[in-house]
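Structure first, then comments.
The values are calculated or read from the model by the stated rules, or taken from the named source; none is laboratory data. Quantities reported herein were computed from a predicted structural model and do not represent experimental measurements. Cβ atoms come from the backbone with ideal geometry, glycine included; neighbour counts cover every protein chain shown. We work out accessible area using only protein heavy atoms, side chains counted, and drop any ligands, DNA or RNA first. Shrake-Rupley method; radii C 1.70, N 1.55, O 1.52, S 1.80 Å.
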Amino acid sequence: MLRKLIKPGITDQFQASKLARPTNWQHALLYSQKIDENSTACFLNHIKNLDLPGDWNKEIPSKLWVYNLHYFEDLLSNKATEKRNFHLHLLHSWVDHNPVGFGNGWEPYPTSLRIVNILKAWLGGLELDEKLSISVFTQASFLASDLEKHLLGNHYFVNLKALLFAGVVFGNIRWLSIAEKGLISEIPEQILEDGAHFELSPMYHSLMLVDMLDMLNLSKAYPAQVPARLVSLLQDYIPRMLTFMEAMSHPDGGVSFFNDSSDGIAPEKSKIESYAEKLGFSVKPLDFSMTTVVDNASSGYFCATSNSSKLIFDAAAVGPDYIPGHAHADTLAFELSIGAQRVFVNSGISEYGLSPVRVNQRKTASHNTIEVDEKDSSQVWSGFRVANRARIIERSSKLKFDNNIFLKATHNGYKSLIGGCYHSRELVFNGTSLVVRDELHGDFTGAKLRFYFHPDLEVILESGILLVSGKAFNLRSDLTGKKASLLDACWHPQFGIDIPNKMLLIDLLGNETETIFDWTEV
């Protein structure tokens, strides 16, 4: 309510002077092309021929699409250098047709991303005339009185990052002070000890890692202006974040789909790692051929590798209690890759908003786990809301001498004061087989176990035998005696993309079940 009563405004005076560009900024072009020189834009896999200035605030096909238009990520695309005149024309159009405080572009999140992207492009060689410089300064002044403290999380973080960039480049002590105080508090709050971003989305983790690298890059370019305490935090947490990104990525380089996570939003993992190496960090890839368990104890995710296969297991909370907006009801779900090919996949996300599609993609039934009595393990509702949340009450991992990896966890999401049950899951993995053991402790009427397969796989269920064929493996599961069916489903690897796939549904006939998958190379 207070935000509605107190309107943000411009409280700083621009001082006319030519900005001094440092010579040691490590410029990184992290994105694919978003807008071509014919003004054809592609965001969230929706292509549109821009009709500016009208399209600056026409929420078609969606508000999120228009947000992306206002981010100006194309300034940092792989074709940015050859399109500088076009980019300057686009920037001038934005300034001319987006008056202060009006429209989507002045909301704090797109404002924050745009400020940083313009200043990074300038640090990389894009010439800004006085009109554009004044505009960026004005945007930062407006943002300084419009911080998203009511949302916190990644939104507030990028607000602070934008003020840090603007404060350093324009020499504004007030913005620097706000950014320094906020970031010194938010970095240890939002980045957990194992390196995970606390909203527990692999996609947002990658975005936050880029934010951290950008700020360290800025500190190296302006060593006298970024506080040493902040630099120390960046240097401490970035290596851990790189390690966590490696643990939560599939061998194909894409993100895993836990909570709100999708490919095509954050820069590709290889580009993030190259950027980190430019800034002096070493990148240490996991050896998938080795039998290894990584217990990310602070976030709750397990990662296991063996015989060139990789298993990722969600034994985590759904996210921080005070900001669960990107949470899914996916507790005890898992994903598996055999070699470079994904096999078991959670369903992913294709949109934000308040639609039934958005709600369904967050539900337990869209993930590789158990749904009890047609309820969700955590009560996700609306687009970004969660009521009662599943809590992990035990978790463990063991690597035995025979190279079998045991991962186990239990959650209480189906338990209540008047009954319900606990769900325990144990995964036994050795690189050529995966055993999934599920047990429900307590009262329930019915339960369904789901396994979603990557759409590139050929999946057949005949006479109780499941056969799955991949590029370099054949997988088999004997489901004799189980109430099993193979159904059509849909996978959403990116926003705006829906790909048909198959889902194995098993109705539990008791309070426990064991499902065994074995595979061989071909």
* Scan the range 304-330 residue by residue and report those that are buried (at least 22 other Cβ atoms within 10 Å of the Cβ) and touching a helix residue (DSSP H, G or I) at 6+ places or on another chain (Cβ under 8 Å). => Ile312, His326, Ala327, His328, Ala329, Asp330
* Might you let me know whether the range 352-372 holds any residue that is among the acidic types (Asp, Glu) and either open to solvent by 50 Å² or more (accessible area, probe 1.4 Å) or assigned to a loop (DSSP other than H, G, I, E, B) (or both)? => no
* **Index of the failed condition, Met208 passing every other in (1) under 23 Å from Tyr71 (Cα atoms); (2) open to solvent by 10 Å² or more (accessible area, probe 1.4 Å); (3) not in a loop (DSSP other than H, G, I, E, B)** => (2)
* Only one of these is among the basic types (Lys, Arg) and at pLDDT 95 or above: Lys18, Lys48, Lys7, Lys58. Name it. => Lys48
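Residue-by-condition table, conditions (1) of a type outside the set (Asp, Glu); (2) touching a residue at least 60 places away in the same chain (Cβ under 8 Å):
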residue	(1), (2)
Val357	yes, no
Val386	yes, yes
Glu426	no, no
Asn430	yes, yes
* To do: Identify, from the list Leu147, Leu152, Leu123, the residue that is modelled with pLDDT under 95 and in contact with a helix residue (DSSP H, G or I) (Cβ under 9 Å, 6 or more places away or on another chain).
  => Leu152
* Asked: Identify, please: which residue in the range 84-105 is open to solvent by 10 Å² or more (accessible area, probe 1.4 Å) and aromatic (Phe, Trp, Tyr) and is, among those, nearest to Ser39 (Cα to Cα)?
  -> Phe86
* Any chance you could count how many residues in the range 341-351 are closer than 14 Å to Asp330 by Cα and part of a loop (DSSP other than H, G, I, E, B)? => 4
* Asked: Does Leu164 satisfy the criteria of being open to solvent by 20 Å² or more (accessible area, probe 1.4 Å) and under 26 Å from the mean Cα position of the chain (by Cα)?
  -> no
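Within the range 139-153, take every residue that is part of a helix (DSSP H, G or I) and open to solvent by 10 Å² or more (accessible area, probe 1.4 Å) and give me the one that is nearest to Glu107 (Cα to Cα). So that I can check it myself, show each step before the final result.
Within the range 139-153, the first condition is being part of a helix (DSSP H, G or I), and the residues that meet it are 139-144, 153.
With the extra rule that they be open to solvent by 10 Å² or more (accessible area, probe 1.4 Å), the set shrinks to 142, 144.
Numbers: Phe142: 10, Ala144: 12 Å.
Per the stated criteria, the residue is Phe142.
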* Using beta carbons and a limit of 8 Å, which pairs, at least six apart or on different chains, have the first residue in the range 128-139 and farther than 12 Å from Gln13 by Cα and the second one aromatic (Phe, Trp, Tyr) and part of a loop (DSSP other than H, G, I, E, B)? -> Ser133/Phe14
* Which one is nearest to Gly431 (Cα to Cα) among residues in the range 446-505 that are without any contact (Cβ under 8 Å) to a residue 24 or more places away in the chain and charged (D, E, K, R)? -> Glu458
